[in-house]
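S.K.: Structure below; questions to follow.
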Amino acid sequence: MVKFIFDLDGTLTKYETLPLLAEHFLLDEQIAELTMQTVQGDIPFDRSLMQRVAILGKFSVSEVSALLERVDLHEKIHAFIQAHMEHSVIATSNLSCWVNALLQKIGCKAYCSEACVEEDRVKKITSILCKEAVVDYYKKQGDFIVFVGDGENDAEAMRLADVSIATALIHVPAKNVLAAADHIVHSEDALCSLLERFLSYG
(Lines give C-alpha, C1' and ligand atoms only; values in the text may rest on other atoms or scores of the structure.)
Protein backbone atom coordinates (compact mmCIF):
# COMPACT_ATOMS: atom_id res chain seq x y z
CA MET A 1 0.00 0.00 0.00
CA VAL A 2 1.15 3.55 -0.65
CA LYS A 3 1.61 5.72 2.45
CA PHE A 4 1.68 9.50 2.18
CA ILE A 5 3.62 10.86 5.14
CA PHE A 6 3.03 14.58 5.62
CA ASP A 7 4.91 17.16 7.63
CA LEU A 8 2.45 19.37 9.55
CA ASP A 9 3.74 22.93 9.93
CA GLY A 10 3.75 24.82 6.65
CA THR A 11 2.81 21.70 4.70
CA LEU A 12 -0.70 21.03 5.99
CA THR A 13 -1.06 24.32 7.88
CA LYS A 14 -1.09 27.68 6.13
CA TYR A 15 1.66 28.99 8.40
CA GLU A 16 4.25 27.76 10.88
CA THR A 17 2.55 27.22 14.24
CA LEU A 18 5.30 28.22 16.68
CA PRO A 19 5.56 31.79 15.35
CA LEU A 20 1.77 31.98 15.70
CA LEU A 21 2.10 31.04 19.37
CA ALA A 22 4.90 33.58 19.73
CA GLU A 23 2.67 36.31 18.31
CA HIS A 24 -0.18 35.35 20.61
CA PHE A 25 2.08 35.43 23.67
CA LEU A 26 3.97 38.56 22.48
CA LEU A 27 7.26 36.76 21.85
CA ASP A 28 7.35 37.40 18.09
CA GLU A 29 10.96 38.35 17.45
CA GLN A 30 12.44 35.71 19.74
CA ILE A 31 10.61 32.78 18.16
CA ALA A 32 10.23 33.88 14.54
CA GLU A 33 13.96 34.22 13.95
CA LEU A 34 14.67 30.91 15.69
CA THR A 35 12.01 29.15 13.63
CA MET A 36 13.30 30.39 10.28
CA GLN A 37 16.89 29.50 11.19
CA THR A 38 15.64 26.01 12.04
CA VAL A 39 13.54 25.57 8.88
CA GLN A 40 16.57 26.47 6.76
CA GLY A 41 18.92 24.23 8.75
CA ASP A 42 21.10 27.01 10.15
CA ILE A 43 20.85 25.57 13.67
CA PRO A 44 20.30 21.93 14.74
CA PHE A 45 16.62 21.07 15.02
CA ASP A 46 16.76 19.32 18.40
CA ARG A 47 18.50 22.28 20.01
CA SER A 48 16.07 24.71 18.43
CA LEU A 49 13.01 22.76 19.59
CA MET A 50 14.31 22.64 23.15
CA GLN A 51 14.94 26.39 23.08
CA ARG A 52 11.48 27.14 21.70
CA VAL A 53 9.78 24.84 24.20
CA ALA A 54 11.76 26.44 27.03
CA ILE A 55 10.31 29.78 25.95
CA LEU A 56 6.73 28.68 25.22
CA GLY A 57 6.42 25.83 27.72
CA LYS A 58 5.65 28.19 30.58
CA PHE A 59 2.28 29.00 29.01
CA SER A 60 -0.93 26.99 29.47
CA VAL A 61 -0.98 23.78 27.44
CA SER A 62 -4.77 24.05 27.22
CA GLU A 63 -4.53 27.57 25.81
CA VAL A 64 -1.87 26.56 23.29
CA SER A 65 -3.91 23.54 22.19
CA ALA A 66 -7.07 25.62 21.74
CA LEU A 67 -5.16 28.20 19.70
CA LEU A 68 -3.57 25.60 17.41
CA GLU A 69 -6.87 23.79 16.91
CA ARG A 70 -8.03 26.89 15.02
CA VAL A 71 -5.01 27.04 12.69
CA ASP A 72 -6.02 27.28 9.04
CA LEU A 73 -5.25 24.21 6.94
CA HIS A 74 -4.59 23.98 3.22
CA GLU A 75 -8.12 22.98 2.31
CA LYS A 76 -7.37 20.90 -0.78
CA ILE A 77 -4.61 18.92 0.92
CA HIS A 78 -6.86 18.34 3.92
CA ALA A 79 -9.61 17.15 1.59
CA PHE A 80 -7.16 14.76 -0.09
CA ILE A 81 -6.24 13.28 3.30
CA GLN A 82 -9.88 12.88 4.29
CA ALA A 83 -10.58 11.11 1.00
CA HIS A 84 -7.60 8.78 1.47
CA MET A 85 -7.38 8.40 5.24
CA GLU A 86 -5.96 4.86 5.16
CA HIS A 87 -3.06 6.06 3.02
CA SER A 88 -2.25 9.20 5.04
CA VAL A 89 0.05 9.74 8.01
CA ILE A 90 1.34 12.90 9.71
CA ALA A 91 4.85 13.11 11.14
CA THR A 92 5.42 16.29 13.14
CA SER A 93 8.12 17.26 15.60
CA ASN A 94 5.60 19.47 17.35
CA LEU A 95 4.52 18.36 20.83
CA SER A 96 1.48 16.08 20.97
CA CYS A 97 0.08 17.98 23.97
CA TRP A 98 -0.02 21.12 21.83
CA VAL A 99 -1.28 19.72 18.51
CA ASN A 100 -3.53 16.77 19.42
CA ALA A 101 -6.74 18.79 18.97
CA LEU A 102 -5.57 19.99 15.55
CA LEU A 103 -4.54 16.46 14.55
CA GLN A 104 -7.92 15.09 15.60
CA LYS A 105 -9.54 17.64 13.27
CA ILE A 106 -7.37 16.39 10.39
CA GLY A 107 -8.26 12.84 11.33
CA CYS A 108 -5.47 10.55 10.10
CA LYS A 109 -2.78 8.63 12.02
CA ALA A 110 -0.12 10.96 13.45
CA TYR A 111 3.28 10.79 15.17
CA CYS A 112 4.60 13.63 17.35
CA SER A 113 7.27 14.61 19.83
CA GLU A 114 6.26 14.04 23.46
CA ALA A 115 6.56 16.05 26.66
CA CYS A 116 5.90 15.73 30.36
CA VAL A 117 3.04 18.05 31.34
CA GLU A 118 2.45 19.12 34.95
CA GLU A 119 -0.20 21.59 36.11
CA ASP A 120 -1.05 22.47 32.51
CA ARG A 121 2.53 23.43 31.68
CA VAL A 122 5.24 21.65 29.65
CA LYS A 123 7.82 20.57 32.20
CA LYS A 124 10.26 18.96 29.74
CA ILE A 125 10.50 17.22 26.39
CA THR A 126 10.62 13.45 26.81
CA SER A 127 11.15 12.48 23.14
CA ILE A 128 11.72 14.25 19.84
CA LEU A 129 10.18 12.52 16.84
CA CYS A 130 12.63 11.06 14.36
CA LYS A 131 10.70 11.33 11.10
CA GLU A 132 12.95 8.90 9.28
CA ALA A 133 11.99 6.27 11.88
CA VAL A 134 8.36 6.69 10.81
CA VAL A 135 9.36 6.17 7.17
CA ASP A 136 11.44 3.14 8.12
CA TYR A 137 8.53 1.63 10.10
CA TYR A 138 6.15 1.76 7.14
CA LYS A 139 8.78 0.59 4.66
CA LYS A 140 9.28 -2.50 6.82
CA GLN A 141 5.54 -3.13 6.51
CA GLY A 142 6.06 -3.28 2.74
CA ASP A 143 4.46 0.09 2.02
CA PHE A 144 5.49 2.44 -0.80
CA ILE A 145 6.39 5.74 0.91
CA VAL A 146 5.76 9.23 -0.42
CA PHE A 147 7.08 11.87 2.00
CA VAL A 148 5.87 15.47 1.79
CA GLY A 149 7.70 18.23 3.67
CA ASP A 150 9.59 21.50 3.61
CA GLY A 151 11.84 21.89 6.67
CA GLU A 152 15.38 20.79 7.46
CA ASN A 153 14.15 18.09 9.84
CA ASP A 154 12.29 16.46 6.92
CA ALA A 155 15.44 15.93 4.82
CA GLU A 156 16.57 12.55 6.19
CA ALA A 157 13.06 11.10 5.99
CA MET A 158 12.82 12.32 2.40
CA ARG A 159 16.08 10.59 1.48
CA LEU A 160 14.73 7.32 2.89
CA ALA A 161 11.30 7.55 1.23
CA ASP A 162 10.57 5.99 -2.15
CA VAL A 163 9.42 9.39 -3.42
CA SER A 164 9.95 12.76 -1.76
CA ILE A 165 8.06 15.97 -2.46
CA ALA A 166 9.25 19.39 -1.31
CA THR A 167 6.47 21.92 -0.76
CA ALA A 168 7.03 25.62 -1.32
CA LEU A 169 3.56 26.66 -0.22
CA ILE A 170 4.52 29.25 2.39
CA HIS A 171 8.32 29.58 2.14
CA VAL A 172 11.31 28.26 0.23
CA PRO A 173 12.10 24.69 1.37
CA ALA A 174 15.34 24.06 3.25
CA LYS A 175 18.44 23.51 1.12
CA ASN A 176 18.79 19.84 2.13
CA VAL A 177 15.10 19.26 1.41
CA LEU A 178 15.55 20.65 -2.10
CA ALA A 179 18.58 18.40 -2.57
CA ALA A 180 16.65 15.31 -1.43
CA ALA A 181 13.40 16.03 -3.26
CA ASP A 182 12.25 14.13 -6.34
CA HIS A 183 9.58 16.79 -6.94
CA ILE A 184 8.98 20.40 -5.89
CA VAL A 185 5.46 21.87 -5.81
CA HIS A 186 4.35 25.47 -5.39
CA SER A 187 0.60 25.04 -5.00
CA GLU A 188 -2.01 22.80 -3.41
CA ASP A 189 -3.38 21.85 -6.83
CA ALA A 190 0.05 20.72 -8.01
CA LEU A 191 0.62 18.68 -4.86
CA CYS A 192 -2.77 16.96 -4.91
CA SER A 193 -2.43 16.17 -8.62
CA LEU A 194 0.97 14.62 -7.98
CA LEU A 195 -0.28 12.60 -5.00
CA GLU A 196 -3.15 11.21 -7.08
CA ARG A 197 -0.60 9.72 -9.47
CA PHE A 198 0.89 7.59 -6.69
CA LEU A 199 -2.35 6.11 -5.34
CA SER A 200 -1.93 2.93 -7.38
CA TYR A 201 1.68 2.34 -6.18
CA GLY A 202 2.70 -0.29 -3.66
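S.K.: How large is the charge dipole for the chain, taken about the Cα centre, if only the Cβ atoms of Lys, Arg (+1) and Asp, Glu (-1) carry charge, to the nearest 20 debye?
M.R.: Numbers: 18 positive and 30 negative charges, 86 e Å.
Value, rounded to 20: 420 debye.
S.K.: In the structure shown, do any of Lys3/Lys124; Lys105/Lys140; Lys3/Lys105; Lys14/Lys140; Lys105/Lys175 have a Cα-Cα gap over 26 Å, and if so which?
M.R.: Working: Lys3/Lys124 32 Å; Lys105/Lys140 28 Å; Lys3/Lys105 20 Å; Lys14/Lys140 32 Å; Lys105/Lys175 31 Å.
In this structure, Lys3/Lys124; Lys105/Lys140; Lys14/Lys140; Lys105/Lys175 lie more than 26 Å apart at Cα.
S.K.: Would you mind checking which residues have amide H under 5 Å from His74's amide H? H placed 1.01 Å from N; only 5 or more apart, or other chain.
M.R.: Thr13, Lys14
S.K.: Next question, about the same structure. Please figure out what share of the DSSP beta bridges in segment 67-202 is antiparallel and state it in percent, rounded to the nearest 5. Provide the component values of the computation, followed by the final result.
M.R.: Details: 5 of 16 bridges.
So the antiparallel bridges amount to about 30 percent of the total.
S.K.: Ignoring ligands, DNA and RNA, what percent of the accessible area of the chain is carbon or sulfur (1.4 Å)?
M.R.: Numbers: 4420 of 8930 Å².
C and S fraction of accessible area: 50 percent.
S.K.: State the answer as a single residue: which of Ala101, Ser127, His84 lies farthest towards the positive end of the charge dipole of segment 74-202, with beta carbon charges of +1 for Lys and Arg and -1 for Asp and Glu, about the Cα centre.
M.R.: With unit charges placed on the Cβ atoms, the residue in question is Ser127.
S.K.: Apply the Karplus curve 6.51 cos²θ - 1.76 cosθ + 1.60, θ = phi - 60°, to the phi angles in segment 107-122 and return the couplings in whole Hz, x for Gly and Pro.
M.R.: Once θ is set to phi - 60°, the couplings for segment 107-122 become x, 8, 4, 9, 10, 9, 6, 10, 9, 8, 10, 10, 6, 6, 10, 6 Hz.
S.K.: Let me ask something else about it. Starting with the highest mean, order 98-105, 135-142, 156-163 by the number of other Cβ atoms within 10 Å, averaged over the residues of each peptide.
M.R.: Working: 98-105: 19.2, 135-142: 14.1, 156-163: 21.5.
For the peptides 98-105, 135-142, 156-163, the packing ranking is 156-163, 98-105, 135-142.
S.K.: A further question follows. Return one whole number: the accessible area per residue of the chain in Å², for a 1.4 Å probe. Intermediate values should be presented prior to the final figure.
M.R.: Details: 8930 Å² over 202 residues.
I get 44 Å² per residue for this part.
S.K.: Would you mind pulling out the separation of the Cα centroids of segment 54-78 and segment 109-127, in Å?
M.R.: Segment 54-78 and segment 109-127 have Cα centres separated by 14 Å.
S.K.: Size of the chain along its principal axes in angstrom, Cα-based, largest extent first?
M.R.: On the principal axes, the chain reaches 47, 31, 30 Å in Cα extent.
S.K.: With each run of n ≥ 4 DSSP H residues scored as -39500 (n - 2.57), what mean residue ellipticity at 222 nm is computed for the chain after dividing by its residue count and rounding to the nearest 500 deg cm²/dmol?
M.R.: Estimated from H runs of four or more residues: -13000 deg cm²/dmol.
S.K.: Shifting gears a bit: Once amide H atoms are placed 1.01 Å from N in the peptide plane, what residues at a sequence separation of 5 or more from Tyr111, or on another chain, have their amide H within under 5 Å of its amide H?
M.R.: So Tyr111 has HN proximity to Ile90, Ala91, Thr92.
The values are calculated or read from the model by the stated rules, or taken from the named source; none is laboratory data. Note that the structure is a prediction, hence the values are computed from the model and not measured. Neighbour counts run over all protein chains shown; Cβ positions are idealised from the backbone, glycine included. Keep in mind that these areas ignore ligands, DNA and RNA; they rest on the heavy atoms of the full protein, side chains included. Shrake-Rupley method; radii C 1.70, N 1.55, O 1.52, S 1.80 Å.
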